Amino acid sequence: MNEIKIFSPATIANVSCGFDVLGLALDTVGDEMIIRKVKQKGVRITKIIGQDLPLETHKNVAGVAALAFLAKTDSEFGFEIEIDKQIKPGSGIGSSAASSAGAVWAINELLEKPFKTIDLVRFAMEGERLATGVAHADNVAPALFGGFTLVRSYEPLDIVSIHTPRELFATVIHPHIEIKTSDARNILKTKVPLKDAIKQWGNVGGLISGLYTEDYDLIGRSLEDYIIEPIRSILIPAFDAVKKQSLKAGALGCGISGSGPSIFALCKGEESALNVAEAMKLVYNKVGVDYDIHVSKVNKKGIKIL
Ligand code: HSE
C-alpha cells in the first residue's frame, strides 16, 4: 500500500469540566486527507483545499507532526500529504488536531504500524504546539483513539479511553468568528480558587462515572465549568442565550467546545440533539450571526480509511 485516503474527525475538547484533559470525537465533520509514500525522503504538503494554510512543511501542523514521527524512525521513504480542510481553523472543534493526528495515523498505516496509538498522540501534539504554543492532547487523543478520552497525565503521557453511552449525541454550533486558541489561553488566570477546584473535580469524577454507568442525568449535572467558561464565554456571541435555550430544548449540558467559538451540547438520542440544534439556530438567526451546525453521534472509531 503506497497511498491512503482518510477521514480525521473533528473533536470537542474540555467537555466543560475537563480543561486540557477531556475530549470526544465527532462523526459528521472532519478533514479528508490523502497520504502518499514516496521514494524522495522528507515530508511535502502537496495540496490544501478548503482553507488558506501554509504549504511549507515546517509551518503546517500536519507537516510538523509527520516530521516528529519520522524523526523517530529510520524510514527509507518520504511522504506527500494532501489535505481537504473541512474543519475551519479557529472554530474550536480541533481543526489543527484533525490534520496533525490524520497525518501521523496515515503514515503509521503506510509503514505497517511501527508505533502504538499513544506514540502517535505524542507526535500529533507537536502539531498542536505549532498551532497554539502548547502541546495539549485533549483534541488529538480522541481523534486517534476515538470515543471519549481522558488525559490522566501529561508527564508521563497517560491516555485513558472512556466508555461512551450508546445514545449520546453532540450538537455543535459554530458562529462564524475566529478565536485563536493561543488568544483564548492567554486570557485565562493561572491560579484557581480552591472552592472552584472542588466543584470542578467533583464534576470530572461525576462525568466519568455517568459515562460508564450510562447515567444521562449525572452526565448532565456534571457538565458545568466553574473555571474556564466564565472567562472565555464573553468572547462568544450570545453564549448565555444559546446555552439557556439548549438546556430548555432538552440538552443534558452545554458549554464551549475547546477554546471556542463553537458551542456544544450533549444530548440523549438523536431527536433531542436535533431539537437542540433548532433551538441554537433560532438564537443566532435572531441575533444575526452566521453559523454552521453539526449533529453527531460520538465517533467511537476515530480516524478511518475512506
Ligand atoms: N484544551 C484546549 C483549550 C483545547 O481549551 O485551550 C483547544 O482546542
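Some notes on this structure:
- Residue in the stretch 101-119 that is out of contact with any Pro (no Cβ under 6 Å at 6 or more places or on another chain), within 13 Å of the ligand (Cβ to nearest atom) and open to solvent by less than 40 Å² (accessible area, probe 1.4 Å) present: yes
- Selection of helices (runs of 4 or more DSSP H) fully inside the stretch 79-157 by the criterion of at least 3 residues being free of Cβ contacts under 8 Å to residues at least 60 places away in the same chain returns 95-110, 117-132.
- Of the residues making up the stretch 160-177, none is among the small types (Gly, Ala, Ser), more than 15 Å from the ligand (Cβ to nearest atom) and assigned to a loop (DSSP other than H, G, I, E, B).
- Being under 30 Å from Ile173 (Cβ atoms) and touching a residue at least 12 places away in the same chain (Cβ under 8 Å) holds for only one residue in Thr28, Thr73, Thr46, and it is Thr28.
- Residue match in the stretch 40-52 (condition: within 16 Å of the ligand (Cβ to nearest atom), at positive phi and not in a strand (DSSP E or B)): no
- If the condition is being closer than 18 Å to Ile162 by Cα and either out of contact with any Ser or Thr (no Cβ under 9 Å at 6 or more places or on another chain) or within 14 Å of the ligand (Cβ to nearest atom) (or both), then the stretch 183-206 contributes Trp201, Val204.
- In the stretch 229-270, residue farthest from the ligand (Cβ to nearest atom) [restricted to those that are in a helix (DSSP H, G or I), more than 18 Å from the chain's Cα centre (by Cα) and touching a residue at least 40 places away in the same chain (Cβ under 8 Å)]: Glu270
- Residues in the stretch 254-270 include none that are among the acidic types (Asp, Glu), open to solvent by 10 Å² or more (accessible area, probe 1.4 Å) and more than 21 Å from Arg166 (Cα to Cα).
- Residue in the stretch 242-249 that is closer than 21 Å to Ile177 by Cα and touching an Asp or Glu at 6+ places or on another chain (Cβ under 7 Å) present: no
- Filtered residues of the stretch 61-82 (kept if open to solvent by less than 10 Å² (accessible area, probe 1.4 Å) and more than 16 Å from the ligand (Cβ to nearest atom)): Ala62, Gly63, Ala66, Phe69, Gly78, Phe79, Ile81
- Residue within the stretch 220-227 that is open to solvent by 40 Å² or more (accessible area, probe 1.4 Å), assigned by TED's automatic domain parsing to the domain that holds Glu278 and not in a loop (DSSP other than H, G, I, E, B) present: yes
- Failed condition for Ile179, given (1) closer than 26 Å to Ala135 by Cα; (2) in contact with a strand residue (DSSP E or B) (Cβ under 9 Å, 6 or more places away or on another chain): (2)
- None of Val134, Val140 is closer than 17 Å to Asn14 by Cβ, among the β-branched types (Val, Ile, Thr) and over 11 Å from the mean Cα position of the chain (by Cα) except Val134.
- Failed item, numbered, when Ser16 is tested on (1) assigned to a strand (DSSP E or B); (2) buried (at least 20 other Cβ atoms within 10 Å of the Cβ): (1)
- Residue within the stretch 165-178 that is open to solvent by 60 Å² or more (accessible area, probe 1.4 Å), touching a Ser or Thr at 6+ places or on another chain (Cβ under 8 Å) and either of a type outside the set (Gly, Ala, Ser) or outside the structural domain of Val104 (by TED's automatic domain parsing) (or both) present: yes
- Residue that is farthest from the ligand (Cβ to nearest atom), among those in the stretch 120-138 that are surrounded by 24 or more Cβ atoms within 10 Å (Cβ to Cβ) and of a type in the set (Asp, Glu): Glu128
- Scanning the stretch 131-173 for residues that are within 21 Å of Ala265 (Cβ to Cβ) and among the β-branched types (Val, Ile, Thr) yields a total of 6.
The values are calculated or read from the model by the stated rules, or taken from the named source; none is laboratory data. Note that the structure is a prediction, hence the values are computed from the model and not measured. Reconstructed Cβ throughout: ideal geometry from the backbone, glycine too, with neighbour counts over all protein chains shown. When the accessible area is computed, the model is the full protein with side chains, heavy atoms only, and any ligands, DNA or RNA have been set aside. Shrake-Rupley method; radii C 1.70, N 1.55, O 1.52, S 1.80 Å.
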